[in-house]
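The values are calculated or read from the model by the stated rules, or taken from the named source; none is laboratory data. The structure presented is a predicted model; accordingly, all values stated were derived computationally and were not measured. Please note: Cβ atoms are built from the backbone with ideal geometry, for glycine as well, and neighbour counts cover all protein chains shown.
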């Protein structure tokens, strides 16, 4: 017995019995095209919510689904549930269903409910009429007593009734597709499942030119995804009437592998996937259609669904369902494109840099299987900054969000400053905080010197060999404004000469860089200056202005102020 009290499970739980399929072919196949998609967010997903959606919330979610591109949307059991009926009628009566979108309605095998469901869809342009039978031995014993023959007879009767009502509805102009599911398929005897499907297909007069959607759901996920794939392939091989049906799967997520089960089922012959955004559904949920679609997208296959604004999709789903989306939810979570480790950030930055430099079309960036920009995500959350990841990530964010192209030699110093601040305050540094720290520490650092006003002039403009510059201005030194003058071989050198008259130490100039922060006539410039003292210690300073000369002088003041902090 473990510390938690869990005992040996073998007497209580039995392992799955593998399907007898020695010649299985699905493991060697590759998914090369998208399936048909059916959203069940407004049926399974809605029924599983602790707080039921209002009509307005259902409408908002429906509009989101159609904007994404779903052409088949299940909206529940309007013949049985009053809320589903009211929602369906609102969609039809208010003409809110886009052309080409089919509503899937579901009915149990009950004569009165089937009739009510057909009445509920009157006025719709396109409908998928879905019904089901509970076929597993456990369901037949506890839910529908009477044995397999009673279940089979009821399904045939339902199919006959639906066929008669369907013919009348088609004569009135309804574009109608039939769908039938074997509820509990994965735990149903294979031969019985095959017989049930064949009898219903016959009753619905299914033909290759008018196929029926045949659902083989994993109603409760008890086995590994490969077991499900074996069952699907066996069924396809054994049916003898493969062209008469579109094979649809609806994997539950009880074991946490609904996405894998759906993908392996596609390899085994499934043509249609029923699931929900973010996997919403009963118990552990259904297959996550966002993950499935973007898995295809990342393999170069167009899923036919538009997730280019993943943040909006997440926000609408959270608002309408009142369920959170986890920060590590594949493709959509807040942190899924985030690298905090310095080594990962360096690899990502190098990949992005090489892709830009070499003008690559193919996406090959370490740690990012999908370009975040394809789903509307920006690069700022990719490289989030903490004490372990400050150097590379801080420089990348400052450049890509704010235009600061820091010299490479400046990055370790920046990283140290940002890392120390993250450690000191025990925080993660976001983009705005990073900019504030950079401005405080490098652009306007506290120190003894402040440049108030100045004037520079070349002493001999006619002589190109003699470019000595004279500086004169007002500099605040330790809170007191002083006039200062200096000379040098340029404005920066002249200002430094003036600073030395106020007590500045003797430093070596190691580097100078400058660039425009923005384009246009009112663009700002930024300059970077690195100094070194006699002990070999270095510091960078930065300055900005619309005047590059002023930016350079401010960068020198910044560097001197920062050097003054480390004097013995």
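Sort out which residues of region 330-369 are surrounded by 19 or more Cβ atoms within 10 Å (Cβ to Cβ) and farther than 15 Å from residue 393 by Cβ, and write them in order of number.
Within region 330-369, 331, 332, 336 qualify.
For residues that are surrounded by 21 or more Cβ atoms within 10 Å (Cβ to Cβ), under 21 Å from residue 437 (Cα atoms) and free of Cβ contacts under 8 Å to residues at least 40 places away in the same chain, scanning just region 493-547, find the one that is nearest to the chain's Cα centre (by Cα).
Only one residue fits best here, namely 527.
For residues in region 279-291 being out of contact with any strand residue (DSSP E or B) (no Cβ under 6 Å at 6 or more places or on another chain) and at pLDDT 95 or above, which is surrounded by the most Cβ atoms within 10 Å (Cβ to Cβ)?
Going through the qualifying residues, I end up with 290.
Can you name the number of the only condition in (1) touching a strand residue (DSSP E or B) at 6+ places or on another chain (Cβ under 6 Å); (2) more than 22 Å from residue 123 (Cα to Cα); (3) touching a residue at least 40 places away in the same chain (Cβ under 8 Å) that residue 206 fails?
The one condition residue 206 does not meet is (3).
Against the definition (surrounded by 15 or more Cβ atoms within 10 Å (Cβ to Cβ), part of a loop (DSSP other than H, G, I, E, B), touching a helix residue (DSSP H, G or I) at 6+ places or on another chain (Cβ under 9 Å) and not assigned by TED's automatic domain parsing to the domain that holds residue 262), how does residue 21 come out, yes or no?
Criteria met by residue 21.
Scan region 51-64 residue by residue and report those that are within 19 Å of residue 125 (Cβ to Cβ) and either out of contact with any helix residue (DSSP H, G or I) (no Cβ under 8 Å at 6 or more places or on another chain) or touching a residue at least 40 places away in the same chain (Cβ under 8 Å) (or both).
Result: 63, single match.
Given 448, 407, 369, which one is under 26 Å from residue 331 (Cβ atoms) and modelled with pLDDT of 90 or more? Before the answer, list the steps.
On the way: 448 fails: under 26 Å from residue 331 (Cβ atoms); 407 fails: under 26 Å from residue 331 (Cβ atoms).
Every option except 369 fails the conditions.
Picking from 232, 246, which residue would you name as being surrounded by fewer than 24 Cβ atoms within 10 Å (Cβ to Cβ), closer than 19 Å to residue 200 by Cα and at pLDDT 95 or above? Talk me through it step by step, then tell me what you get.
Values: 232 fails: surrounded by fewer than 24 Cβ atoms within 10 Å (Cβ to Cβ).
Exactly one of 232, 246 is surrounded by fewer than 24 Cβ atoms within 10 Å (Cβ to Cβ), closer than 19 Å to residue 200 by Cα and at pLDDT 95 or above, namely 246.
Yes/no matrix, rows are residues, columns are (1) touching a residue at least 40 places away in the same chain (Cβ under 8 Å); (2) over 25 Å from the mean Cα position of the chain (by Cα):
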| residue | (1), (2) |
| --- | --- |
| 21 | yes, yes |
| 74 | yes, no |
| 77 | yes, yes |
| 80 | no, yes |
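Hey, can you tell me all the residues within region 474-490 that are surrounded by 17 or more Cβ atoms within 10 Å (Cβ to Cβ) and over 55 Å from the mean Cα position of the chain (by Cα)?
Those that are surrounded by 17 or more Cβ atoms within 10 Å (Cβ to Cβ) and over 55 Å from the mean Cα position of the chain (by Cα): 484, 486, 488.
Which condition breaks for residue 433 when tested against (1) more than 32 Å from the chain's Cα centre (by Cα); (2) more than 25 Å from residue 537 (Cα to Cα)?
Status for residue 433: all satisfied but (1).
Would you list the helices (runs of 4 or more DSSP H) that sit entirely within region 285-369 and hold 2 or more residues that are within 12 Å of the chain's Cα centre (by Cα)?
Hits in region 285-369: 289-297, 310-321.
Would you mind telling me which numbered condition in (1) out of contact with any strand residue (DSSP E or B) (no Cβ under 6 Å at 6 or more places or on another chain); (2) on the phi < 0 side of the Ramachandran plot residue 256 fails?
Residue 256 satisfies every listed condition except (2).
Scan region 143-172 for residues that are modelled with pLDDT of 95 or more, within 42 Å of the chain's Cα centre (by Cα) and over 16 Å from residue 206 (Cα atoms) and jot them down.
If the condition is that a residue be modelled with pLDDT of 95 or more, within 42 Å of the chain's Cα centre (by Cα) and over 16 Å from residue 206 (Cα atoms), then 169 is the only one that fits.
Testing residue 26 on (1) at pLDDT 95 or above; (2) surrounded by 14 or more Cβ atoms within 10 Å (Cβ to Cβ); (3) within 25 Å of the chain's Cα centre (by Cα), one condition comes back false. Which one is that?
Checking residue 26 against (1) at pLDDT 95 or above; (2) surrounded by 14 or more Cβ atoms within 10 Å (Cβ to Cβ); (3) within 25 Å of the chain's Cα centre (by Cα), the one that fails is (3).
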